[in-house]
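Student: This is the structure I have questions about; it appears just below.
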Amino acid sequence: MSLKTPVGEVKAVLFDLDGTLIDSAPDLGAAADKMRTDRGLPSLPDAAYRPMAGAGARGMLSVAFGMNPDSPGFDAMREEFFVNYERCMTERTYVFEGVEDMLSQLETRGVLWGVVTNKSKRFTEPLAAQMPLFTNASVVISGDTTPHAKPHPEPLLEAARRLQLDPSQCVYVGDDERDILAARAAGMYSVAACYGYLGAKADTAEWGADLEIKSPTLLLQSLTSA
């Protein structure tokens, strides 16, 4: 699909969650670090976990224990991480500076907004319920809402269906190349959130996003300029 609707006619802006709207790296890191200290291993600094926060449990376990999904016992370790994270997932997580103002401006202009994340409903539903930020979200699509996760376009297409909009009337903002690939495949205008986690080797210029923003407050300005 190709982008058909001019940016000025956008009806909804959809966002990735972790690294785009909220900074959950401190809680993700804490969940993994507790696994280390429970085993008598020294604690690692938050800075060690942050670059891999976008990879969720896989990323956190790789930092904490050098594990990957093929490592023996990975599934059990991942579940232990999940349990730890469930217990602390809003203790240190905060909304990125400028996000609340950006969302308020969207709402003032009559533009809908929502979330499309690869995080499973096990975490997105309680997190959204506990954080006031999500009170006005028009849609929340989790990683297991559809049979596919990003970079597949289906989660974004499902969001558009629930909003009763054509995908070309939607913008998608994310801090991972998978977000941009999903947006392009869905026929949505894509925006790279360059203030997010990105990863140590990420080159956002290679992602092919329609726009790049260095802070949430630049979104409306950038879209208007485009």
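Student: Which value results for Rg/Rh of the stretch 17-123 when Rg is the Cα radius of gyration and Rh the Kirkwood radius based on the inverse mean 1/r? The partial results should precede the final answer.
Tutor: On the way: Rg = 15.7 Å, Rh = 14.9 Å.
Radius of gyration relative to Kirkwood radius: 1.05.
Student: So, one more: Lys pairs in the stretch 91-226, Cα-Cα under 22 Å, at least 8 apart or on separate chains: how many?
Tutor: So the count works out to 4.
Student: Where both residues lie in the chain, what percent of DSSP beta bridges are antiparallel, nearest 5?
Tutor: 10
Student: Moving on. On a 0 to 90° scale, report how tilted helix 56-65 is relative to the longest principal axis of the chain, with both axes built from alpha carbons and the result rounded to the nearest 10.
Tutor: 30
Student: Contour minus end-to-end for Asp166 and Cys88, with contour as 0.36 nm per residue of separation and end-to-end as the Cα-Cα distance?
Tutor: Numbers: separation 78, 0.36 × 78 = 28.08 nm, distance 3.75 nm.
Difference between extended and current length: 24.3 nm.
Student: With +1 on each Lys and Arg Cβ and -1 on each Asp and Glu Cβ, and nothing else charged, work out how big the dipole of the stretch 141-226 is about its Cα centre, in Debye to the nearest 20.
Tutor: My answer is approximately 140 debye.
Student: In what sequence, largest accessible area first, do Lys150, Lys214, Lys11 appear using a 1.4 Å probe?
Tutor: Lys214, Lys11, Lys150
Student: Can you give me the long-range amide H partners of Glu212? Hydrogens built in the peptide plane at 1.01 Å from N, cutoff under 5 Å, separation of 5 or more residues or another chain.
Tutor: Ala192
Student: Something else about it: How many Å² of accessible area per residue for the stretch 26-179, probe 1.4 Å? Present the calculation step by step, with values, prior to reporting the outcome.
Tutor: Details: 7290 Å² over 154 residues.
Per-residue accessible area for the stretch 26-179 comes out at 47 Å².
Student: Carbon and sulfur atoms: what percent of the 1.4 Å accessible area of the stretch 77-226 do they account for?
Tutor: Details: 3210 of 7010 Å².
For the stretch 77-226, the apolar C and S fraction of the accessible surface comes to 46 percent.
Student: Could you check how many percent of all C-alpha pairs in the stretch 140-212 are farther apart than 19 Å? Spell out each step's value before the answer.
Tutor: Values: 806 of 2628 pairs.
Summing the P(r) of the stretch 140-212 above 19 Å gives 31 percent of all pairs.
Student: Could you give each residue of the stretch 85-102 its phi-based ³J(HN,Hα) in whole Hz, using Karplus coefficients 6.51, -1.76, 1.60 with θ = phi - 60°, and x for Gly or Pro?
Tutor: 3J(HN,Hα) across the stretch 85-102, in whole Hz: 5, 4, 7, 9, 5, 10, 6, 10, 6, 9, 7, 4, 4, x, 5, 4, 5, 4.
Student: Tell me the label-point distance for the pair Asp46, Asp70, using the 7 Å Cα-to-Cβ offset, in nm and rounded to one decimal.
Tutor: 3.5
Student: A follow-up question, please. Summarise the long-distance tail of P(r) for the stretch 68-142 by giving the % of C-alpha pairs beyond 13 Å.
Tutor: Here the tail beyond 13 Å accounts for 73 percent of pairs.
Student: Moving on. Just to compare against my own numbers: the Cα pair-distance distribution for the chain, 10 Å bins, whole % per bin, please.
Tutor: In whole percents, the pair-distance histogram is 8, 34, 36, 17, 5, 0.
Student: Quick check: pseudo-label points 7 Å beyond the Cα along Cα→Cβ at Gln130 and Glu97, how many nm apart are they?
Tutor: 2.5
The values are calculated or read from the model by the stated rules, or taken from the named source; none is laboratory data. Predicted model only: the values in this text are computed from it and were never measured. Glycine gets a Cβ as well: all are built from the backbone with ideal geometry, and neighbour counts include every protein chain shown. Ligands, DNA and RNA are excluded from the accessible area calculation, which covers all protein heavy atoms including side chains. Shrake-Rupley method; radii C 1.70, N 1.55, O 1.52, S 1.80 Å.
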